[in-house]
Amino acid sequence: MTFELALRAPELTGAGHGRDDTANHRLAVVGLTASYGRSPAITEVSLSLESRSVTAFIGPSGCGKSTLLRTFNRLHEVTPGARVTGAVRLDGIDLYDPRVDPVTVRRRIGMVFQRPNPFPTLSIRDNVLAGIRLQYRRLRPSGADELVEAMLTAVGLWDEVKDCLGRPGISLSGGQQQRLCIARVIAVAPDVILMDEPCSSLDPVSTAAIEELMVNLGRDYTVVVVTHNLQQAARVSRKTAFFTVAGAGEPGRLVEYGDTAGLFSAPSKAQTADYLAGRFG
Amino acid sequence: MTALAGRPAGVSTRRRLTDHVATVAAWAAFAAAAIPLVSLLVTVVTRGLARLDMTFFTSSMRGIVGAGGGAAHALWGTVLVTLAATAISVPIGVGTAVYLVEYGRPVLSRLLWFLVDVMTGLPSVVAGLAAYALIVMVVGPGARSGLAGAIALSLLMIPVVVKSSAEMLRLVPTDLREAATGLGASRPAVIATVGLPAARPGIVAGVMLGVGRIIGETAPLLLVAGFTDSLNLNLTTGRMATLPVYIYSQWQNKGADQAAYDNRAWTAALVLIGLVLLFSLAARLLGRLLAPTSLKG
Ligand SMILES: Nc1ncnc2c1ncn2[C@@H]1O[C@H](COP(=O)(O)OP(=O)(O)O)[C@@H](O)[C@H]1O
Ligand SMILES: [Mg+2]
């Protein structure tokens, strides 16, 4: 099988979920360094993510969590001057192989951003379908309605918005917008979902709803969540990676990676223990 | 309260005085700008009304030496030449803006920006000469056509379209670009669905400003589109009259019945102003109708 074939998004046949459910969606990072211009923001990261489960990335501001996350779907390189060395493997295929098209990578690895960013000119319904249309995929006419209902139901938004699907996506509350953005991501049936502090701009009630959603998504997808909220990491993730940075201008590094329960109750590194105890960050 | 009351009374008086002076100055500046404009409009309308009749819009100057006749040929010429210049300028201008904002390599785009800046200040007669040089190469010496005029005018219009489109493209929030990119949209798809819709107001404004810039141009048209008394609807061959050139020639080559020539010139000026308004409205309307719908259901 060629790389191109292996990475081609499965055809969308029915109501949206035509993805290959036999694959593992296993993401592995090997010796990865990501830089802006000449200065590395995070360096020498190696870790293997558990498939179909939630992994949390924690650490102080500026330690490169967002940067690392954005290397996974090759969004990092969109920033002018940004560079990546090392490898990110999805089911054994290096996403940075020159034969791999970054657009194909982003179709298999979806992303939810810190600030909810629904398309402002599109309705709720069209926001859900935006990914499919941006990828020029075709849907059966009835498929669109089914897909919209299925995705909005999956993110727990259907009952709230089913009577106003034509309203602009940005007319929703912040928490609803973020769930709409998650619906938009799962509508294109990715293998991996990256979330960069998805609750940091939301109220506690919306945060709880998104956390519940993360747990549910973790059953089907490989989910990576960057969070500043340690309780959130403890509640939703099976594994946790702790990063830190020595000081301004230094690159961030992976300190410890392991089962969330173990890492929180008995961290093996002093730095982790200090961070969890709130002594820095 | 005590702090306010404790302030010396002079400060508040001085402030009120400054306020008065500033208000008067602003009004004076406004009047200085508005009076010539109003006077110009009043003059053009009052003097233009004399010949604002059906004949003016339906007949050309073919075989007319005294009173009568009209500017149908020049009106159609201006409409066609302006539309053709817009049709040339919009794709080239928007394409250049997309390149500059979305793809530009540092050195090349700085060079391009410099050229755009230079072109903004290009004297229109130079644009006319450039178009003339081009048409001489293609068709041969002495050739005149409406299309050549449109090419000359597009040299003036392109930089206007580039600037206003690029300005809007730059304002597209990174958020939205990343949302689309992260959903697996290719670069062209991101531009088509997030970039261009955001740039649409800039494109429309560019067309409106650009039409305003070119519609009254006389020198380049005199050079390459020429002048004729008859109607010519074919852009590619033959001389084509336009309203500015018509006004110039009515004014310049008056026959025995001078008033008839003067009146036609003023009416043509009035019609030209009306045409600018029409083009602005049309650009706005088209901008709304052409709302990109590729992402909508
Ligand atoms: N677009 C950028 N250009 C240059 N430097 C950046 C950019 N984004 C982030 N950085 C730098 O990279 C480092 C890591 O940032 P980031 O990945 O956002 O950290 P975190 O998400 O852990 O807070 C910081 O020092 C930050 O200043
Ligand atoms: Mg961050």
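The values are calculated or read from the model by the stated rules, or taken from the named source; none is laboratory data. None of the values given here were measured: they were computed from a predicted structure. Here the Cβ positions follow ideal geometry from the backbone for every residue, glycine too, while neighbour counts run over all protein chains shown. Keep in mind that these areas ignore ligands, DNA and RNA; they rest on the heavy atoms of the full protein, side chains included. Shrake-Rupley method; radii C 1.70, N 1.55, O 1.52, S 1.80 Å.
Miscellaneous remarks
- Residue among A:50, A:44 that alone is under 24 Å from residue A:234 (Cβ atoms) and acidic (Asp, Glu): A:50
- Verdict on residue A:31 being in contact with an Asp or Glu (Cβ under 9 Å, 6 or more places away or on another chain), at positive phi and surrounded by 15 or more Cβ atoms within 10 Å (Cβ to Cβ): no
- Among the residues listed as A:125, A:133, A:106, the single one being under 26 Å from residue A:66 (Cα atoms), among the basic types (Lys, Arg), assigned to a helix (DSSP H, G or I) and facing chain B (nearest Cβ under 9 Å): A:106
- Residue match in the range A:131-141 (condition: more than 29 Å from residue A:91 (Cα to Cα) and crowded, with 24+ Cβ neighbours inside 10 Å): no
- Checked against the criteria, residue B:197 does not count as part of a helix (DSSP H, G or I), within 13 Å of another protein chain (Cβ to nearest Cβ), over 30 Å from residue A:74 (Cα atoms) and open to solvent by 10 Å² or more (accessible area, probe 1.4 Å).
- Selection within the range B:173-193 - farther than 12 Å from residue B:98 by Cα and either open to solvent by 10 Å² or more (accessible area, probe 1.4 Å) or more than 8 Å from every other protein chain (Cβ to nearest Cβ) (or both): B:173, B:174, B:175, B:176, B:177, B:178, B:181, B:186, B:193
- Residue A:150 being surrounded by fewer than 24 Cβ atoms within 10 Å (Cβ to Cβ) and away from ligand 1 (no atom under 16 Å from the Cβ): yes
- Looking across the range B:115-151, the residues that are without any contact (Cβ under 8 Å) to a residue 24 or more places away in the chain and either under 20 Å from residue B:211 (Cα atoms) or surrounded by 14 or more Cβ atoms within 10 Å (Cβ to Cβ) (or both) come down to B:118, B:121, B:123, B:126, B:134, B:136, B:139, B:143.
- The residue pairs whose first member lies in the range A:62-79 and is within 15 Å of residue A:90 (Cβ to Cβ), whose second member is among the acidic types (Asp, Glu) and near ligand 2 (Cβ under 8 Å from one of its atoms), and whose beta carbons are closer than 6 Å, counting only pairs six or more residues apart or on different chains, are A:69/A:196.
- Residue within the range B:152-168 that is outside any helix (DSSP H, G or I) and surrounded by 23 or more Cβ atoms within 10 Å (Cβ to Cβ) present: no
- Conditions (1) within 16 Å of ligand 1 (Cβ to nearest atom); (2) more than 14 Å from every other protein chain (Cβ to nearest Cβ); (3) open to solvent by 30 Å² or more (accessible area, probe 1.4 Å): number failed by residue A:79: (2)
Residue by residue, here is whether (1) modelled with pLDDT of 95 or more; (2) within 21 Å of residue B:271 (Cα to Cα) holds:
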position	(1), (2)
B:28	yes, no
B:51	no, yes
B:59	no, yes
B:68	no, yes
B:100	no, no
B:107	no, no
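- For the criterion of being more than 18 Å from the chain's Cα centre (by Cα) and away from ligand 2 (no atom under 16 Å from the Cβ), residue A:131 fails.
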